[in-house]
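Engineer: Pasting in a structure now, in structure tokens, and then I'll have a few things to ask.
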Amino acid sequence: MSDEMKPCPQCESPYGYAMNDTIYACPECFHEWNPNAIEEPESEQVLDSNGNTLQNGDTVIVIKDLPVKGAPKPVKAGTKVKNIRLTDGDHNITCKIDGFGAMGLKSEFVRKA
């Protein structure tokens, strides 16, 4: 066995250790990996409520009334939102909605138009 430590690809802990000749393990997050295997980077796809892949510039339709903090009325179901931008985080869609301005939406509450 090798006494060499490798950084964990999941949590980036520098304490990854060899369990056997091919497998390394992280003592902090318990992730196991093969450093010799070629890993393709996972592309984070944003899916709408129907499972369709969303992209920047798409047009979506809101599927349920969404309350907006500080606004007297919700965004109504059926509202069409054009030219969305995908972002990281909980609200993974950034857009402008007529009558509300710029806001963030969750992809689970929209469907692709």
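Engineer: For residue 111, tell me the accessible area in Å² from a 1.4 Å probe, rounded to the nearest 10.
Structural biologist: 100 Å²
Engineer: Out of 93, 13, 78, whose Cα points farthest toward the positive end of the dipole of the chain (charges: +1 Lys, Arg; -1 Asp, Glu; placed on Cβ)?
Structural biologist: 78
Engineer: To the nearest 10 square angstrom, how much accessible area does residue 103 have with a 1.4 angstrom probe?
Structural biologist: In the full protein context, residue 103 sits at about 40 Å².
Engineer: Could you pull out every one of the lysines with an alpha carbon less than 24 Å from that of residue 6, ignoring same-chain neighbours closer than 8 positions?
Structural biologist: Partners found: none.
Engineer: In terms of solvent-accessible area of protein heavy atoms at a 1.4 angstrom probe, what is the ranking of 96, 112, highest value first?
Structural biologist: Details: 96 150, 112 75 Å².
Sorted descending by solvent-accessible area, the residues read 96, 112.
Engineer: Something else now. If DNA, RNA and ligands are ignored and the probe is 1.4 Å, what is the ranking of 88, 65 by accessible area, most exposed first? It would help to have the intermediate numbers written out before the result.
Structural biologist: Working: 88 145, 65 75 Å².
In descending accessible area the options line up as 88, 65.
Engineer: Over the Cα atoms of the range 21-99, Rg to Rh with Kirkwood Rh, two decimal places? Spell out each step's value before the answer.
Structural biologist: Numbers: Rg = 19.5 Å, Rh = 16.1 Å.
Rg/Rh for the range 21-99 comes to 1.21.
Engineer: A follow-up question, please. Can you give me the long-range amide H partners of residue 59? Hydrogens built in the peptide plane at 1.01 Å from N, cutoff under 5 Å, separation of 5 or more residues or another chain.
Structural biologist: 83, 113
Engineer: Per the chain: cysteines with no other Cys C-beta under 4.7 angstrom?
Structural biologist: Among the cysteines of the chain, those whose Cβ sits 4.7 Å or more from every other are 95.
Engineer: What are the lysines whose alpha-carbon lies under 29 Å from the alpha-carbon of residue 82, with same-chain residues fewer than 8 places away excluded?
Structural biologist: Filter leaves 64, 69, 73, 96, 106, 112.
Engineer: So with the 1.4 Å probe, I'd like the accessible area per residue for the range 3-113, rounded to whole Å².
Structural biologist: Details: 7810 Å² over 111 residues.
Result: 70 Å² of accessible area for each residue.
Engineer: Dipole magnitude of the chain about its Cα centre, charges +1 at Lys/Arg Cβ and -1 at Asp/Glu Cβ only, in debye to the nearest 20?
Structural biologist: Numbers: 12 positive and 17 negative charges, 288 e Å.
The dipole of the chain has a size of about 1380 debye.
Engineer: Then there is this: Of all the accessible heavy-atom surface of the chain, with the other protein chains kept in place and a 1.4 Å probe, what percent is carbon and sulfur?
Structural biologist: Its accessible area is 47 percent carbon and sulfur atoms.
The values are calculated or read from the model by the stated rules, or taken from the named source; none is laboratory data. Nothing here was measured: the structure is a model prediction, and the numbers come from that model. Here Cβ is always computed from backbone atoms with ideal geometry, including for glycine, and neighbour counts include all displayed protein chains. Remember, those area values only see protein heavy atoms, side chains included, never the ligands or the DNA or RNA. Shrake-Rupley method; radii C 1.70, N 1.55, O 1.52, S 1.80 Å.
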